[in-house]
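Accompanying notes for the structure given below.
The values are calculated or read from the model by the stated rules, or taken from the named source; none is laboratory data. The model shown is predicted, which means the values in this text are computed figures rather than measured ones. Cβ placement follows ideal geometry from the backbone for every residue including glycine, while neighbour counts extend to all protein chains displayed. For accessibility, only protein heavy atoms count, side chains too; no ligands or nucleic acids. Shrake-Rupley method; radii C 1.70, N 1.55, O 1.52, S 1.80 Å.
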Amino acid sequence: MSRETTGGDGAVRDASLSHLPDDVRRAIEITPAAGTRERIIDVTTRGRRTGLPRRIEIFFFRAAGATYLCSGAGRAATNWHANLLANPEFTFHLKNGIRADLPARATPVTDPAERQAVLTEIVADLNQPHDPGTIRPTRLEDWAESRLMRISFLPRA
């Protein structure tokens, strides 16, 4: 995982963000008080069947010092997850506020302890009363089977 501890407060920060311009890094290091709109991005990945580029809108989340894509509550199949499993390198498109097209890599989160910690943090964040437009999960159990991918931002080639 591309995380490292920095700063005097022991906060874990995502080392894959260190090469990004400050404004882009700040847009990704979204705070729990951020609204729904700031969390919406597009991902462009290759279709697992066609190999053609597919642009898909999705929410991203910051938890445990890293960036994640998560399917949310429920077990429904998700095209973005299947496509990223087949082709983990993709483009992360910030499109609200700061705009940027960032090369990235997705890694499925399969470790039960990491999944539990990340989903707990995501659900707690979304349950905050700060943004009436935010999805309101009421129970962590509803999110237990969510598709979850950790994102690492790659330096431009």
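What the table below lists for this structure:
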{"quantity": "Selected residue (only one of Thr78, Thr107, Thr67, Thr36 is closer than 20 Å to His19 by Cβ and either of a type outside the set (Val, Ile, Thr) or open to solvent by 10 Å² or more (accessible area, probe 1.4 Å) (or both))", "calculated": "Thr107"}
{"quantity": "Residue within the stretch 47-69 that is in contact (Cβ under 8 Å) with a residue 40 or more places away in the chain and over 23 Å from Val123 (Cβ atoms) present", "calculated": "no"}
{"quantity": "Test: residue in the stretch 17-27 that is closer than 20 Å to Val109 by Cα, at pLDDT below 80 and not polar (S, T, N, Q)", "calculated": "no"}
